[in-house]
1. Just to be sure I understand, how many residues within segment 61-70 are surrounded by 11 or more Cβ atoms within 10 Å (Cβ to Cβ) and either among the polar types (S, T, N, Q) or at pLDDT below 85 (or both)?
2. Pairs needed: first member in segment 182-203, without any contact (Cβ under 8 Å) to a residue 12 or more places away in the chain; second member anywhere, hydrophobic (A, V, I, L, M, F, W, C); C-beta distance under 6 Å; at least 6 residues apart or different chains.
3. Taking segment 204-223 as the region of interest, how many residues are touching a residue at least 12 places away in the same chain (Cβ under 8 Å) and not aliphatic (A, V, I, L, M)?
4. Quick one: in segment 258-276, of everything that is part of a helix (DSSP H, G or I) and open to solvent by 30 Å² or more (accessible area, probe 1.4 Å), which residue is farthest from F167 (Cα to Cα)?
5. Got a sec? Which of L119, L146, L101 is open to solvent by 50 Å² or more (accessible area, probe 1.4 Å), hydrophobic (A, V, I, L, M, F, W, C) and out of contact with any Ser or Thr (no Cβ under 8 Å at 6 or more places or on another chain)?
6. Which of the numbered conditions does A91 fail, given that it passes all the others? Conditions: (1) part of a helix (DSSP H, G or I); (2) open to solvent by 30 Å² or more (accessible area, probe 1.4 Å); (3) touching a residue at least 24 places away in the same chain (Cβ under 8 Å).
7. Going residue by residue through segment 133-140, is there one that turns out to be free of Cβ contacts under 8 Å to residues at least 24 places away in the same chain, over 26 Å from S226 (Cα atoms) and hydroxyl-bearing (S, T, Y)?
8. Taking only segment 36-60 into account, find how many residues are more than 13 Å from G274 (Cβ to Cβ), outside any helix (DSSP H, G or I) and either open to solvent by 60 Å² or more (accessible area, probe 1.4 Å) or free of Cβ contacts under 8 Å to residues at least 60 places away in the same chain (or both).
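The values are calculated or read from the model by the stated rules, or taken from the named source; none is laboratory data. This is a predicted model, so every value here is computed, not measured. Backbone-built Cβ (ideal geometry, glycine too); neighbour counts: all protein chains shown. In case anyone asks, the SASA skips ligands and DNA or RNA and just uses the protein heavy atoms, side chains included. Shrake-Rupley method; radii C 1.70, N 1.55, O 1.52, S 1.80 Å.
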Amino acid sequence: MSHISLPAGAFSGESRTALAREARRERTLFLGLALPALLIVGLCALLPVLWIVRQSFLSIGGDVTFANYERLFGSSLTLATFETTLLLSAATLALCMLLGLPLALVLAAASPRTANRLLILVMLPLWTSILVRTYGWLVILGRDGLANDVLVGSGLVDAPLALVYNFTGTLVGMVHFMLPLFVLPVYAAFRDIDRNAIRASASLGASFWRTLRSVVLPLASGGIASGSMIVFVYTLGFFITPAILGGGRVTPIAIRIERNLSTFQDWGAASALGVLLLLLVAIVATALSGVRRLLRRQPAGA
């Protein structure tokens, strides 16, 4: 058997130093090429945030004040607004997980050709304007809409149900929008699972549900956590769907910010709410990122 001989100084300290120097040079070059784009993106993201923070400390007359935050923290309406926002996001995430996990599992188990066709159906809602989709649900769920016509005509209910202009209608519209965004990363995680691990679990006598619980879901936990973070964080700032399907009865933070601007022209109060929303998003994103890292470190079946 022939052996491959390496130069005597292949792994010497001098060679490692040269390789490290070359790697630093490449990183510097790539950073220099990306720096203009990073500056543009950074300024476009940072300057509006700084402007909102500044406005939150100004009164209507332009004086520096803490009154905007004092009114927010001293009002029970603020707590109710945050409760509505978090409840909507949590309920949307729960339904997306309930519907999306089986759907992603079916997509991952299907043949590539069938999976691609099903993915087109999953992606269809994203190809339509959110405004059009929301008004579509208004037509379907309305008092004289298709859903109530079916329910009343079949005798399941005696009178049309209130399916819109409330929490239920808002939740339906938000789940419809967010479900594809949850399914995509979960489907990718399921597809990346080594089929040999599933076969090994089955050969050792594990049932389908035991394999799903102990092998499949732990191995796909990173994708599930990513999809959950996308859904929960994204829905914290929803505006169009609650505004139309909520009918003024569902008021998350985004709706209250809009009312402060359109009705009272109070940029200070609206900016203070915006700062609180940014802090809420940052806290939730950080917490979910920590959970995702813990899930990735935990071994499958632990």
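1. 2
2. Note: no pairs meet the criteria.
3. Total satisfying the criteria: 6.
4. Filtering segment 258-276 down to residues part of a helix (DSSP H, G or I) leaves 258-262, 267-276.
Those left that are additionally open to solvent by 30 Å² or more (accessible area, probe 1.4 Å): 258-259, 261-262, 267.
Working: E258: 19, R259: 19, L261: 24, S262: 23, W267: 28 Å.
Top of the filtered list is W267.
5. Working: L119 fails: open to solvent by 50 Å² or more (accessible area, probe 1.4 Å); L101 fails: open to solvent by 50 Å² or more (accessible area, probe 1.4 Å).
The match here is L146.
6. (2)
7. For segment 133-140, residues free of Cβ contacts under 8 Å to residues at least 24 places away in the same chain, over 26 Å from S226 (Cα atoms) and hydroxyl-bearing (S, T, Y): absent.
8. Number satisfying all stated conditions: 1.
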